[in-house]
Amino acid sequence: MKLYKTSAGFVVESQNQFYTVPGTDWDTLVNREDLYDFLYQITTTSAASVDYQTWVQTSLLAPIGRQEVWASGVTYLRSRNARMEESKKSGGDNFYDRVYDAERPELFFKATPERVVGPGANVRIRADSTWNVPEPELTLFITSTGKIVGYTCGNDMSSRSIEGENPLYLPQAKSYDGAAALGPCLYVPESPISPDTQIQLEVIRDEQAAFTGNIAISQMKRQHTELVSFLFRECSFANGCYLMTGTGIVPSDDFTLRSGDQISITIDGIGTLMNTVA
Ligand code: DO4
Ligand code: MG
């Protein structure tokens, strides 16, 4: 099932039918451990409103309330290699090699809800950065009790020039206004998402594909539950939280985003998150 947050309320989609979800408190709704059963109940006991498809497409918001957004890094071989290459000159390359193989994963704070944009909105690149990329990442929604109840598409917008200059600049490379996008919905399946799930990235520039790539989430080095257990070790999340799971798609080094680029991230079962670079 897909749960949408819209400017007119919450909507659940099941088998191409759309149902209103009663209530106005997003944080309480998504933080339910029984979220799947709760939504399923709505779809089996109320009448579908056929107009909702048009409605949700025109007024979608990021599926976030008061949740923090965290991210994992260097969880795919492609990311490890790209990071090692970009930080060679600064002498930071073996940090990435080591974290890829270490027991403790790389986890970092990505965004407050205010820094997150939703479907159709503009993401940003920093004015003081010369090399910028989107990072398409399967993003987990975890309840305050540590249970993964949903998934969405995430864009971990990143400055490779700042990150490459010195690994200690990571927060500046990753966290700034408009640096994260989430959506188009919170996908709430009955059981964990399939390892065969594909992530696709497409960047359109002047109506042509400037970059395309894809990867299966089975290529990830770590388990979702492993990342969650490290995140929850010494942090509590009263309203649940989002965790981006890292990118396995990195464009070649001659690619950098430009203003006007359209970024589409598609994940099987979830849908497409589309944003334009401001
Ligand atoms: O260590 C830098 C960040 C890596 C990252 O964001 C990723 O692998 O997705
Ligand atoms: Mg990332």
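Among the lysines, which have Cα under 24 Å from the Cα of Lys174 when same-chain residues fewer than 8 positions away are ignored?
Lys88, Lys89, Lys110, Lys221
Might you report the magnitude of the Cβ-based charge dipole of the stretch 68-277 about its Cα centre, with Lys and Arg at +1 and Asp and Glu at -1, to the nearest 20 debye?
My answer is approximately 320 debye.
At 1.4 Å probe radius, can you tell me the per residue accessible area of the chain in Å²?
On a per-residue basis, 45 Å².
Based solely on its DSSP helices, what 222 nm [θ] is calculated for the chain when runs of n ≥ 4 H residues each add -39,500 (n - 2.57) and the sum is averaged over all residues, nearest 500 deg cm²/dmol?
So the calculated ellipticity at 222 nm is -5500 deg cm²/dmol.
Once the other residues with Cβ under 13 Å from the Cβ of Glu103 are scored (Lys, Arg +1; Asp, Glu -1), what is the net sum?
That works out to +2.
Just going by the charge dipole of the stretch 68-277, with Lys and Arg at +1 and Asp and Glu at -1 on Cβ, which of Ser218, Gly260, Ile148 is farthest out on the positive end?
Ile148
Give the shape of the stretch 59-151 as rounded, prolate or oblate, defined through the alpha-carbon gyration tensor: a ≥ b ≥ c are the square roots of its eigenvalues, a/c under 1.5 means rounded, and otherwise the shape is prolate if a/b is larger than b/c and oblate if not.
oblate
What is the ratio of the Cα radius of gyration of the chain to 2.2 N^0.38 Å, with N the residue count, to two decimals?
0.98
Leaving out ligands, DNA and RNA, what percent of the accessible area of the stretch 56-173 is carbon and sulfur, probe 1.4 Å?
49 percent
Only Cα pairs within less than 10 Å get springs; with that Gaussian network setup on the chain, which residue of Met244, Met157, Met84 has the largest fluctuation?
Met84
The values are calculated or read from the model by the stated rules, or taken from the named source; none is laboratory data. As the structure is a computational prediction, the values presented were derived from the model and not from experiment. Note that we place each Cβ from the backbone using ideal geometry, even for glycine, and neighbour counts take in every protein chain shown. Heads up: the accessible areas ignore ligands, DNA and RNA and are worked out on the full protein's heavy atoms, side chains in. Shrake-Rupley method; radii C 1.70, N 1.55, O 1.52, S 1.80 Å.
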